[in-house]
């Protein structure tokens with residue numbers, strides 16, 4: 001098991017290191033990041049669904065289930081993550097994952113350079129329940145958003161901002177995470 005990532009670049013390096021085989025499973029990802037690494041394991045599917053990978057049939061639904069399971073367990077303050085066996089064995093093509101996440105490297109470096117602890121009251125109890133609940137609700141709705149074009153990408157972007165804010169202890173990113181919810185509501189109702 002690898003060391004828990006401290007920033008987005010380290011998280012990216014751990015994901016790319018997994019892509020040496022043809023396929024990558026969720027079980028491989030958890031082993032690489034750690035069973036107690038809730039926010040990185042919430043951030044990864046959120047980023048993935050915000051990319052063109054969301055065009056793969058049922059990809060958004062699977063990532064939504066993953067987001068739901070991680071955020072529920074965060075909300076209930078579990079020590080270690082649990083996932084059903086069928087989800088742990090789900091595999092994705094390594095090359096697609098590697099290509100997608102490598103394209104994100106410049107943005108992740110940029111975010112790492114501009115992130116620091118601020119508005120920390122938003123990322124600590126009791127207010128941290130708000131982004132956790134939003135992530136739970138988003139994960140629940142993502143399987144249904146498969147039928148509305150681009151909506152799962154917006155939902156993934158929202159969860160990514162919320163997860164990144166919790167990961168980096170930067171409350172400003174939690175506020176950014178609210179914006180895609182407004183756009184998502186507009187898209188769904190129009």
| task | Go through (1) in contact (Cβ under 8 Å) with a residue 12 or more places away in the chain; (2) under 24 Å from residue 30 (Cβ atoms) one by one and return the number of the condition residue 85 breaks. | result | (1)
| Scope segment 133-153; condition in contact with a helix residue (DSSP H, G or I) (Cβ under 6 Å, 6 or more places away or on another chain), touching a residue at least 60 places away in the same chain (Cβ under 8 Å), outside any loop (DSSP other than H, G, I, E, B) and surrounded by fewer than 24 Cβ atoms within 10 Å (Cβ to Cβ); matching residues | 136, 140, 143, 153
| field | Search result, residues across segment 46-61 that are surrounded by fewer than 20 Cβ atoms within 10 Å (Cβ to Cβ) and either modelled with pLDDT of 85 or more or on the phi > 0 side of the Ramachandran plot (or both) | value | 58, 61
| said: Looking at the structure I just gave you, is residue 94 surrounded by 15 or more Cβ atoms within 10 Å (Cβ to Cβ), more than 15 Å from residue 167 (Cβ to Cβ) and touching a helix residue (DSSP H, G or I) at 6+ places or on another chain (Cβ under 6 Å)? | reply: no
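The values are calculated or read from the model by the stated rules, or taken from the named source; none is laboratory data. Just so you know, these numbers come straight off a predicted model, no measurement behind them. Using ideal geometry, Cβ is built from the backbone for each residue, glycine included, and neighbour counts are taken over all protein chains shown.
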